[in-house]
Structures are given as structure tokens and as C-alpha cells.
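Worksheet for the structure shown next.
The values are calculated or read from the model by the stated rules, or taken from the named source; none is laboratory data. Values in this document were obtained by computation on a predicted structure and should not be read as measured data. All Cβ positions, even for glycine, are placed from backbone atoms using ideal geometry, and neighbour counts span all protein chains on display. Note: areas computed on protein heavy atoms with side chains; ligands, DNA, RNA excluded. Shrake-Rupley method; radii C 1.70, N 1.55, O 1.52, S 1.80 Å.
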Amino acid sequence: GAMHVTFYPAAGGSSFGGVYFAPPGSNGTTSSTNAALVAPVTNTGLLGNLSIRTVVSPGAGALIAGLNVTDRERYVLIRAVGPTLAQFGVTGVLAKPTLTVYDARGDIVASAASWTANFSAVQRSGITMLSASVGAFALNVGSDDAVLHLRLVPGSYTVQVSGADGQ
């Protein structure tokens with residue numbers, strides 16, 4: 001993409017996530033030779049998918065990420081994936097992730113736990129199609145992964161992932 005941001009742990013080491021932005025009208029294959037930095041007002045590229053992988057532990061060990069919606073309301077798909085990661089050979093996954101979104105005042109906008117228990121088969125099918133449309137892998141049927149599909153109005157938000165069972 002035209003811009004790339006990589007995340008590194010505070011103590012150093014390997015990166016654990018990245019964000020790629022493509023400029024408006026591109027197909028996401030922009031080369032770095034024609035990437036340009038532009039003022040935030042004119043940088044209207046769309047973020048299609050962001051993944052962060054880290055260890056989540058009880059108490060202060062929750063994963064916390066922030067996001068801003070700047071120009072108009074946006075629909076977002078936010079997933080806390082634990083059990084489904086095992087199919088990719090990831091060990092020590094969070095068995096029962098919970099997902100909570102807070103607004104700038106600290107009020108809970110939405111929260112979720114097991115997508116299998118909280119969504120009907122039709123809703124899970126819709127989430128699977130939506131996931132595929134943004135390049136995210138499908139969640140396992142019967143898993144306790146957490147999912148939210150939200151309409152967010154302009155503002156700042158915090159997303160928190162923790163374990164439902166104190167894991």
C-alpha cells in the first residue's frame with residue numbers, strides 16, 4: 001500500500017502487526033515508488049483490514065487498541081479471535097475472548113463474547129461473508145471467538161480484548 005505502519009513490542013523484538021493504507025481509487029497494489037505523504041485532510045484512503053497478535057492475560061494484560069472515525073459514520077467489523085487461530089498452528093490461544101468497545105467518555109458502546117452462542121446461524125453466515133469481503137479468514141463454527149459489527153459515528157473509540165474465563 002501507499003503507507004505502512006508496523007507495530008513493535010516496547011521491549012524490542014519482532015513486529016506483531018501492521019497496517020497498510022491504499023490511496024483512493026487504487027486497487028491496493030500501489031508501489032512504494034509512487035507513495036506520497038499527504039495532509040490528513042486529503043488522505044482519504046480506506047483501511048480494509050488490521051490484524052494484531054499479542055498475548056492477553058488477566059487484569060492489566062488486556063489488549064487495548066484505539067481507533068478514530070473522522071469524517072462520517074462507518075460500519076466496522078471487530079473480531080477477537082482465539083480458538084480459530086489453532087487451525088493455523090497457533091498455540092496458547094485465548095479460549096474465550098471477550099471484546100468491548102468504549103467511546104471517548106469511557107462508556108461501553110458494545111461488547112461481545114462467543115459468536116456461536118450470541119448469533120443465529122443466519123447472522124453467523126452474514127459475519128462470515130462480511131469477514132471474507134475485508135480479507136479476514138472465516139471463524140470456526142462452534143468457536144467462542146468474539147465478533148462485533150458496529151455503526152460508529154465520528155469520534156474516538158477504544159477496543160479492549162480480554163479473557164472471559166480469566167485466562
Check: Would you pick out the residues in the stretch 116-142 that are open to solvent by 60 Å² or more (accessible area, probe 1.4 Å), farther than 20 Å from Ala86 by Cα and under 17 Å from the mean Cα position of the chain (by Cα)?
Finding: Met129, Ser133
Checklist line | the stretch 61-111, subset surrounded by 14 or more Cβ atoms within 10 Å (Cβ to Cβ), in a loop (DSSP other than H, G, I, E, B) and of a type outside the set (Val, Ile, Thr), residue nearest to the chain's Cα centre (by Cα) | finding: Gly82
Item checked: the stretch 49-82, residues that are closer than 25 Å to Thr116 by Cβ and of a type in the set (D, E, K, R) -> Arg53, Arg79
Check: Does Leu139 meet the test of being touching a strand residue (DSSP E or B) at 6+ places or on another chain (Cβ under 9 Å), over 16 Å from Gly66 (Cα atoms) and assigned to a loop (DSSP other than H, G, I, E, B)?
Finding: yes
Next item on the list: Run Gly1 past the list (1) assigned to a loop (DSSP other than H, G, I, E, B); (2) at pLDDT 85 or above and report the number of the one that doesn't hold.
Entry: (2)
Notebook entry, point to check: Name the pairs: first residue in the stretch 85-110 and small (Gly, Ala, Ser), second residue buried (at least 17 other Cβ atoms within 10 Å of the Cβ) and assigned to a strand (DSSP E or B), Cβ to Cβ under 6 Å, at least 6 apart or on different chains?
Noted result: Ala110/Val101; Ala110/Leu148
Next item on the list: May I ask you to list the residues in the stretch 120-137 that are touching a helix residue (DSSP H, G or I) at 6+ places or on another chain (Cβ under 9 Å) and free of Cβ contacts under 8 Å to residues at least 40 places away in the same chain?
Entry: Gln123, Arg124
